[in-house]
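The values are calculated or read from the model by the stated rules, or taken from the named source; none is laboratory data. Remember, predicted model here, so these are calculated numbers, not experimental data. Glycine gets a Cβ as well: all are built from the backbone with ideal geometry, and neighbour counts include every protein chain shown.
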Amino acid sequence: MIGISRLLHRRDLMVRGHLLGGSSSVNGMVYTRGSSSDYDRFARVTGEPGWSWNALQPYIRKHEGFVPPVDGRNPAGEFDPRFHGFSGPIHTTLQALLNPPIDSRMIAAANQLKGEFSFNLDLNSGTPLGLAWHQSTTGHGERSSAATGYLPASVRARPNLHILIGTRVTRVLPTSGDRQGKPSLRTVEFTSGTSNSSPRTTVTATKEVILSAGSIGTPHILLHSGIGDKSELKKIGIASVVNLPSVDHPIFAVAVNLNITNDNDPWANIDTNTTLQAEALEIWNSNRTGPLASFGRLDQFIFGRVPPSKFKGLADPSSGPNSAHYELAFTGSANLLLAAVAVSSPASRGTVSLQTNNPFDQPLIDPQFLTAPIDVILAREAIRAFFKFTTAPAWKDVLLSPTPGFVNNTVDSVLDEFSRNTTIANLHPIGTAAMSPVNAPWGVVDPDLLLKKASGLRIIDASVYPYIPCGHTQASVYIVAERAADVVKATWRA
């Protein structure tokens, strides 16, 4: 549960994946890497050129195994193979079932309006701006996750790999014998119990511990281990050494009413028709095709920028001119065109803290969405971009009206109130254990992802990002993890 203090004091859920594959096993499967300048900023901020876009190219391709869409169509014109890997463990593909009445109008509108809505052949080229076809981490009609990709039966059978399920890590503990004059944190405490009184087991690594519990789980473990905000942890009797801020993409939805009378989509009413649902499930069970082989009717995205004139006097939070300020993720039917709107380059920073010193109590998460004035402006202009897109001639014959609440979509206060009333977490938390230059007085890990002021503990997950990429975070986690694996191997081969 998260508290959203600046959004009318609402509370909402922060979904996390407590299973093999973590959140890659429960997410929306969207595959967007962000912009090249996102990674160049990683390199610039950390002082490590290995985190730059060009240096990461081998890892961008290494993890990806692009496969054709399951409907058998030729995907030419929907993606650019020059920017993809085809032999990696994580399957990616295009939508399994297209939505012609919507898709044709989306592409036509992009070509008619051009500019900020210009068609982009591949949003994963390093320049995501414009309208592009949706890519997802699915393959052969099924979800592709860190578990299916990196833990197949052949890997699970390795004699040097032991997987514990139904187990919770409670703390990382000091290990006797400092290394390089630093305390060694190579002992992990865990339990298969369900309460603070459950018996604990400890194991000690001979080389190092790698913590990959995610952007909420990692700081939760660190804080209980005495690594966190000193003033806050002192209140519950835990000594701490570093601060842990967090970031996410705030998200909400906007829509317009349509009237498409020539929609011949046989699956148009699948959301409400139980007969169609049963038929779709039978098709999927038979050959992994049909409407259940995709995540809904999400075929196109728009990544856009807001003109500087709209935020005069405020710093641009994006990583550069090829990086998006906002995202519109479109889905449509015969009577509705809807876009999930996300602020892709937010400036607001949230917190993860503890309620008690009991590791079974959930952490307190406050994303602080829309606390930075620039984020309010970006959300407002993203809504306006959506309505501007629907003014293209392609929609003229089917567009009826904005949905209730958007009739006055030119009034700043109306749009700001809407975004504050409806914004939720986009399940992209990052930066709760951010990397920074070696010897920097801020940050949690060094550029090699080793915990500062200690030895034996390395963090590899989205918590180490110093800034959030302007795309969905799943792809960037695979990229960072692949490079991190080589960093670990190089450390112990030296």
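Which residue out of SER35, SER23 is touching a Ser or Thr at 6+ places or on another chain (Cβ under 6 Å) and touching a residue at least 12 places away in the same chain (Cβ under 8 Å)?
Values: SER23 fails: touching a Ser or Thr at 6+ places or on another chain (Cβ under 6 Å).
Being touching a Ser or Thr at 6+ places or on another chain (Cβ under 6 Å) and touching a residue at least 12 places away in the same chain (Cβ under 8 Å) holds for just one of SER35, SER23, which is SER35.
Rundown of residues vs (1) within 15 Å of THR423 (Cα to Cα); (2) hydroxyl-bearing (Ser, Thr, Tyr); (3) touching a strand residue (DSSP E or B) at 6+ places or on another chain (Cβ under 6 Å), yes/no style:
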{"residue": "PHE303", "(1), (2), (3)": "no, no, yes"}
{"residue": "SER309", "(1), (2), (3)": "no, yes, no"}
{"residue": "LYS312", "(1), (2), (3)": "no, no, no"}
{"residue": "ALA315", "(1), (2), (3)": "no, no, no"}
{"residue": "GLY320", "(1), (2), (3)": "no, no, no"}
{"residue": "LEU328", "(1), (2), (3)": "yes, no, yes"}
{"residue": "THR331", "(1), (2), (3)": "no, yes, yes"}
{"residue": "LEU337", "(1), (2), (3)": "no, no, yes"}
{"residue": "ALA342", "(1), (2), (3)": "yes, no, yes"}
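Considering ARG158, ARG171, ARG143, which residue is in contact with a Ser or Thr (Cβ under 6 Å, 6 or more places away or on another chain) and among the charged types (D, E, K, R)?
Details: ARG158 fails: in contact with a Ser or Thr (Cβ under 6 Å, 6 or more places away or on another chain); ARG143 fails: in contact with a Ser or Thr (Cβ under 6 Å, 6 or more places away or on another chain).
The unique qualifying residue is ARG171.
Given the condition exposed (fewer than 14 other Cβ atoms within 10 Å of the Cβ), among the polar types (S, T, N, Q) and modelled with pLDDT of 95 or more, answer yes or no: does some residue in the range 75-87 qualify? Steps first, please.
Restricting attention to the range 75-87, the residues satisfying the condition of being exposed (fewer than 14 other Cβ atoms within 10 Å of the Cβ) are 76-77, 81-82, 86-87.
Next, only the ones that are among the polar types (S, T, N, Q) stay: 87.
Applying the additional criterion that residues be modelled with pLDDT of 95 or more yields 87.
Among the residues of the range 75-87, at least one is exposed (fewer than 14 other Cβ atoms within 10 Å of the Cβ), among the polar types (S, T, N, Q) and modelled with pLDDT of 95 or more, which makes the answer yes.
Give me a count of the residues in the range 457-493 that are within 17 Å of ALA213 (Cα to Cα) and either of a type in the set (S, T, N, Q) or at pLDDT below 95 (or both).
Here the count works out to 4.
Go through the range 260-378 and tell me which strands (runs of 3 or more DSSP E), entirely inside it, have 3 or more residues that are in contact with an Asp or Glu (Cβ under 6 Å, 6 or more places away or on another chain) and not charged (D, E, K, R).
Values: elements: 300-304, 326-332, 336-343, 350-353, 364-366.
Hits in the range 260-378: 350-353.
Taking the range 147-194 only, how many residues are in a strand (DSSP E or B) and hydroxyl-bearing (Ser, Thr, Tyr)? Steps first, answer last, please.
Looking only at the range 147-194, we keep the residues that are in a strand (DSSP E or B), and these are 168-179, 182-191.
Those still in the list that are hydroxyl-bearing (Ser, Thr, Tyr) too: 170, 175-176, 184, 187, 191.
The total comes to 6.
For VAL414, are the conditions met, namely being surrounded by fewer than 24 Cβ atoms within 10 Å (Cβ to Cβ) and part of a helix (DSSP H, G or I)? Steps first, please.
On the way: surrounded by fewer than 24 Cβ atoms within 10 Å (Cβ to Cβ): yes; part of a helix (DSSP H, G or I): yes.
Spelling it out, VAL414 is indeed surrounded by fewer than 24 Cβ atoms within 10 Å (Cβ to Cβ) and part of a helix (DSSP H, G or I).
Give the residue that is nearest to the chain's Cα centre (by Cα), with candidates limited to residues of the range 221-252 that are of a type in the set (Gly, Ala, Ser), buried (at least 17 other Cβ atoms within 10 Å of the Cβ) and modelled with pLDDT of 75 or more. I'd like the intermediate steps shown before the answer.
Initial filter on the range 221-252 (of a type in the set (Gly, Ala, Ser)): 225-226, 228, 231, 237, 239-240, 246.
Within this subset, residues satisfying the condition of being buried (at least 17 other Cβ atoms within 10 Å of the Cβ) are 225-226, 228, 240, 246.
Keeping just the survivors that are modelled with pLDDT of 75 or more gives 225-226, 228.
Working: SER225: 26, GLY226: 28, GLY228: 24 Å.
Among those residues, the one meeting the criterion is GLY228.
Is there any pair with a first residue in the range 424-451 that is closer than 14 Å to VAL464 by Cα and touching a residue at least 12 places away in the same chain (Cβ under 8 Å) and a second that is acidic (Asp, Glu) and crowded, with 24+ Cβ neighbours inside 10 Å whose Cβ atoms are under 8 Å apart and which are 6 or more apart or on different chains, and what are they?
HIS428/ASP248; PRO429/ASP248; ILE430/ASP248
For the range 430-476, what are the residues that are hydroxyl-bearing (Ser, Thr, Tyr) and either assigned to a loop (DSSP other than H, G, I, E, B) or crowded, with 20+ Cβ neighbours inside 10 Å (or both)?
First, pick out the residues of the range 430-476 that are hydroxyl-bearing (Ser, Thr, Tyr): 432, 436, 455, 463, 465, 467, 473, 476.
Hits for the range 430-476 are THR432, SER436, SER463, TYR465, TYR467, THR473, SER476.
Take the conditions modelled with pLDDT of 95 or more, of a type outside the set (Val, Ile, Thr) and under 27 Å from the mean Cα position of the chain (by Cα) and apply them to SER118. Does it pass?
On the way: modelled with pLDDT of 95 or more: yes; of a type outside the set (Val, Ile, Thr): yes; under 27 Å from the mean Cα position of the chain (by Cα): yes.
In short, yes.
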